[in-house]
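Just so you know, all these numbers are worked out from the coordinates, no wet-lab data involved. It should be emphasised that the depicted structure is a prediction, and the values quoted were computed from it without experimental measurement. Note that each Cβ is placed from the backbone with ideal geometry, even for glycine, and that neighbours are counted across all protein chains shown.
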Amino acid sequence: MRLAPCAFFSHLCKKINPIMSVRVRFAPSPTGPLHMGGVRTALFNYLFARKHQGTMILRIEDTDQGRFVPGAEEYIMESLEWCGIQIDEGIKEGGKFGPYRQSDRKLIYKQYADQLLESGWAYYSFDSSEDLDAIRKEYESRKETFSYDTQTRKSLRNSLTLAPDEVKRLLHSGVHFVVRFRMPENHEIVMQDIIRGEVRVNTATLDDKVLFKSDRMPTYHLANVVDDHLMEISHVIRGEEWLPSLPLHVMLYKAFGWTDTMPQFAHLPLILKPNGNGKLSKRDGDKLGFPVFPINWNNPETNEIYSGYREAGYFREAFVNILALLGWNDGTDKEIYTTDELIQAFSLERVGKSGSRFDPEKAKWFNHQYMLLKSNEEIAEEFIKAQGSRLKAQVKAQGSRLRDQVEEVEWNRIVKIISLVKERAEFVKDIWSQAWFFFEAPTTYDEAVIKKRWSPEMPLILKDITSLLLPYLSLAPCALSLGEFETLIKGHIVANSLNMGNVMNILRLCLVGSSVGPGVFDIMALLGPKEVIARIDRAVQTIG
RNA sequence: GGCCCGUUCGUCUAGGGGUUAGGACGUCAGAUUUUCAUUCUGGUAGCAGGGGUUCGAUUCCCCUACGGGCUACCA
């Protein structure tokens, strides 16, 4: 085994090769739900692929059979779909580089492990996990750390130290063995990362990683490099937690003789917890007070449900926007992007180097921005979907679209209500608390408002106002416009020199039960004269 | 512990050898509104520390500190 001079890594400096098409992959392992950091990695891959008219691949890395979680694969695909991250090649989509699930590629890895064994870049290791654990403990007791490396391998049970006959005998005896990478001694590996620039590591600090496990499955490292090569991946965009294994991967490309087509690497900074200790992890679940998952995850083992952004009421566009701006910006002050705009503006060079703490408050602000951007009709659809049972919205039997199932009068009314309250809502679910009084009459009245605004003569004043509305009773509910209500009532207040603030606030109290909500006349116009009179009468009766 | 990566307002960030260090979220104050909210205006707050290099460093280099990642027959 010989090593060429370090110069052979210099090709890594090359910029994006225009001839080679961009092919990127998102390669999660189905050990549970994807969390938002994983989704962001997928998103950056997707944006990069679309930006360069490339191909986005979803590869499932399930080489650890012990950690397989049922439903995780489906969860991953559903999450990406919700985010609008379209996969070009994958399990569902197919493609000529399949299969796209590593457990279905099991046979492929064996031959590559053999290739390394033959060329001397790998060796058999017969040390059992128990033996190794014991050695680790022993080292620990001396306050040292054991690593299976260029030095320690010389005195362990492997095909480097054992006689060839003995190795052959062991192989045929059926004892467990693993295949380890034979790390060269004392060589400087120089790597290029698109985000971090040059990274150097000496092989003396690296260990001999297991490539092929005793269960005949490859480890992540082998499978990953082999698949990226076979699938002609041009850029590996992954989380920073992988940076420490980059030297190994680079060496593997070298060992296989694939350096000429080795992908370029970009290691994304991590998303950190808001309180600032450690990266965001799946295990955070709902502990942090905000979802860490894109969509709800039902833990099959405990039956616990962890909340997702989708169910928490986030718009998908908002969620994607939030993720995109965590660690990336285009250098301008722009913060609200459609996915197409993200694709246009995206570049790996503008991804930052340092980890970002997630700010749940700003996430809400983003959703509010999208609330403002959306049409009233769109929000009305969502609102009816969420609150349908409360609305008594006279749902018609037929109609494929939700909108067609609602009486037109009611639909128009809801759209109008949305237009009045959407700017005060962050989520669709907030709309009910801002607008419930359009659908139900209040039954209680805020004491503080009564104390401040009510006076003994108020019932009389209100009586006058209701008589003002009486002539319009026979008309359709919404026949009296906002302006007409205003002219009528304000005119009355002014003509009788009444206290504007008191009367208006009391009117609001009668209609809403407290001192919140849109303009009083807006509310009246939507309620109609009949309901307004009814609510005033009821309030007067209740308050006295 | 070892190896690697990082460090600009509380948070996300722009910037870059000479800037009043810019924006956004949050927060505070004022304005508007018949209420609440929205909105608008304004304020608050930052280059981790120490050495170099330089006429001049927040910007380039080194060290320290701090933060983060990795350190499995997990990915």
Inset, instruction - Provide the percentage of antiparallel DSSP beta bridges, counting only those with both residues in chain A; round to the nearest 5. - result: 55
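Let me spell out the model: positive unit charges on the Cβ of Lys and Arg, negative unit charges on the Cβ of Asp and Glu, origin at the Cα centre of chain A. What dipole size does that give, in debye rounded to 20? Walk me through the numbers on the way to the answer.
Numbers: 68 positive and 71 negative charges, 76 e Å.
Charge dipole, chain A, about its Cα centre: 360 debye, nearest 20.
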Legend entry - Extreme residue, positive dipole direction of segment A:422-530, given options A:I523, A:V512, A:N499 (C-beta unit charges): A:N499
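Relative to the present Cα-Cα distance, how much length would full extension add between A:D215 and A:E185 at 0.36 nm per residue of separation?
7.9 nm
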Inset, instruction - Considering only DSSP beta bridges where both residues belong to segment A:221-325, give the percentage that are antiparallel (nearest 5). - result: 35
Legend entry - Exposure rule at most 14 other beta-carbon atoms within 10 Å, DSSP loop trypsin sites (Lys or Arg not before Pro): chain A longest free segment: A:402-544
Inset, instruction - May I ask you to sort A:S347, A:S354 by Cβ crowding, counting other Cβ atoms within 10 Å and putting the fewest first? - result: A:S354, A:S347
Inset, instruction - About the Cα centre of segment A:194-235, how large is the charge dipole given +1 on each Lys and Arg Cβ and -1 on each Asp and Glu Cβ? Please answer in debye to the nearest 20. - result: 120
Inset, instruction - Could you tell me which of A:F346, A:T444, A:Q65 has its Cα farthest along the dipole of chain A towards the positive end, charges placed at Cβ (Lys, Arg +1; Asp, Glu -1), taken about the Cα centre? - result: A:F346
Legend entry - In nm, spacing of pseudo-spin labels at A:K530 and A:E361 (7 Å Cα→C-beta vector): 4.8
Inset, instruction - Determine the gain in length on full extension of the stretch A:V516-A:E407; use 0.36 nm per residue of separation and subtract their C-alpha separation, reporting nm with one decimal. - result: 36.4 nm
Inset, instruction - Place a +1 charge on the Cβ of each Lys and Arg in segment A:324-394 and a -1 charge on the Cβ of each Asp and Glu, then give the dipole magnitude about the Cα centre in debye, rounded to the nearest 20. - result: 380
Legend entry - Per principal axis, descending, Cα span of chain A in whole Å: 110, 52, 43
Legend entry - Integer Hz, Karplus 6.51/-1.76/1.60 couplings in order for segment A:160-171, x for Gly and Pro: 7, 9, 7, 5, x, 5, 5, 4, 4, 4, 4, 4
Legend entry - chain A: calculated mean residue ellipticity at 222 nm from DSSP helix runs of at least 4, using -39500 (n - 2.57): -13000 deg cm²/dmol
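What FRET efficiency would be calculated for the residue pair A:L372, A:E311, taking the C-beta separation as r and a Förster radius of 22 Å, to the nearest 0.05?
Plugging the Cβ-Cβ distance into 1/(1 + (r/R0)^6) gives 0.50.
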Inset, instruction - Name the shape class, rounded, prolate or oblate, that the alpha-carbon gyration tensor gives for segment A:463-544, where a ≥ b ≥ c are the square roots of its eigenvalues, rounded holds for a/c under 1.5, and otherwise prolate holds if a/b is larger than b/c and oblate otherwise. - result: rounded
Inset, instruction - Name the long-range amide H neighbours of A:W328: under 5 Å, sequence gap of 5 or more, or other chain; modelled H, no Pro or chain starts. - result: A:G352
Inset, instruction - Could you tell me which of A:Y309, A:N296, A:G257 has its Cα farthest along the dipole of segment A:243-313 towards the positive end, charges placed at Cβ (Lys, Arg +1; Asp, Glu -1), taken about the Cα centre? - result: A:G257
Legend entry - Whether segment A:95-228 is rounded, prolate or oblate, judged on the alpha carbon gyration tensor where a/c under 1.5 counts as rounded: oblate
